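Notes follow the structure.
The values are calculated or read from the model by the stated rules, or taken from the named source; none is laboratory data. Computed from a predicted structure; not experimentally measured. As a convention, Cβ positions derive from the backbone with ideal geometry for all residues, glycine included, and neighbour counts pool all protein chains shown. When the accessible area is computed, the model is the full protein with side chains, heavy atoms only, and any ligands, DNA or RNA have been set aside. Shrake-Rupley method; radii C 1.70, N 1.55, O 1.52, S 1.80 Å.
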Amino acid sequence: MPERTDSSTTTTPVRPMRPDEGPEVAGLLALALRDDPFIRWIAAGDHARATRWMSAGLRMAQHRGLVLVDDGLAGAAVLMGPGAMPLPMRENAALLPALLRAVGARRVPGVLRALTRLEAAQPPEPHWTGLVLGVHPALQGTGVGRAIIEAALARTSRDRVGTYLEVCAGGPHALYRRFGFTRHATVDAGAGAPVMETMWRPA
């Protein structure tokens, strides 16, 4: 779960994203995660490509999961619900145009292989998957990230299933351990993708 968050304890109201907020939230996440190794691998440092990638993730989550934001749209979390991953073949095919725009035609085969390896590493039991967490760089450290994580876990806990996420090697494992996550596995997806270390929070 690529992230840029904070450690403050300030309380921030959190709610589901409205459909008309999608473009703004996609741009926010692309900006918040501009230095994240996985997003840099996907978009090669191009903000427009990263925004297209985030837009595709938001569309997936609106159909099969949840997007949480704060009222000021300073931060967001993108989650997929139990049973949503891997996506059915028809939905994967529908995302191909967005993938092409995000990574370019030449890189599509390698990116697809890497994403397939990441999907294969998911636990077999029902669970929520945290895809992305980000906070606007100017507002990191204000409590937005913590509030969104807490709201996300409150929602996933209602289903009495675990929560799974992927973090780049060397990423913020300590942050997620504070919320009850433990190391799960290490995944080398290939195709130049950064090594990912998955984390698990039991029901």
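Numbers below:
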{"read-out": "Leu79 being surrounded by fewer than 19 Cβ atoms within 10 Å (Cβ to Cβ), touching a Leu at 6+ places or on another chain (Cβ under 7 Å) and within 24 Å of Thr12 (Cα to Cα)", "value": "no"}
{"read-out": "Test: residue in region 115-125 that is over 21 Å from Gly162 (Cβ atoms) and either open to solvent by 50 Å² or more (accessible area, probe 1.4 Å) or in contact with a Gly (Cβ under 7 Å, 6 or more places away or on another chain) (or both)", "value": "yes"}
{"read-out": "Test: Gly104 is open to solvent by less than 10 Å² (accessible area, probe 1.4 Å) and under 24 Å from Val25 (Cα atoms)", "value": "no"}
{"read-out": "Hits in region 132-165 - residues which are of a type in the set (Lys, Arg) and either in contact with a His (Cβ under 8 Å, 6 or more places away or on another chain) or surrounded by 14 or more Cβ atoms within 10 Å (Cβ to Cβ) (or both)", "value": "Arg146, Arg155"}
{"read-out": "Entirely in region 1-112, the helices (runs of 4 or more DSSP H) that have 3 or more residues that are among the basic types (Lys, Arg)", "value": "47-64"}
{"read-out": "Tally of residues being crowded, with 21+ Cβ neighbours inside 10 Å and either at pLDDT 95 or above or of a type in the set (Phe, Trp, Tyr) (or both) across region 166-186", "value": "2"}
{"read-out": "Search result, residues across region 104-140 that are within 13 Å of Ala32 (Cβ to Cβ) and out of contact with any strand residue (DSSP E or B) (no Cβ under 8 Å at 6 or more places or on another chain)", "value": "Ala138"}
{"read-out": "Cβ pairs under 6 Å, 6+ apart, first in region 124-137 and closer than 17 Å to Met196 by Cα, second open to solvent by less than 50 Å² (accessible area, probe 1.4 Å) and aromatic (Phe, Trp, Tyr)", "value": "Thr129/Tyr164"}
{"read-out": "Pair list, Cβ under 7 Å, 6 or more apart: region 183-196 residue within 14 Å of Gly171 (Cα to Cα) and in a loop (DSSP other than H, G, I, E, B), other residue at pLDDT 90 or above and open to solvent by 60 Å² or more (accessible area, probe 1.4 Å)", "value": "Pro194/Pro37; Val195/Thr186; Val195/Asp188"}
{"read-out": "Evaluation of Pro37 against (1) more than 12 Å from the chain's Cα centre (by Cα); (2) within 23 Å of Thr156 (Cα to Cα) (one fails), failing number", "value": "(2)"}
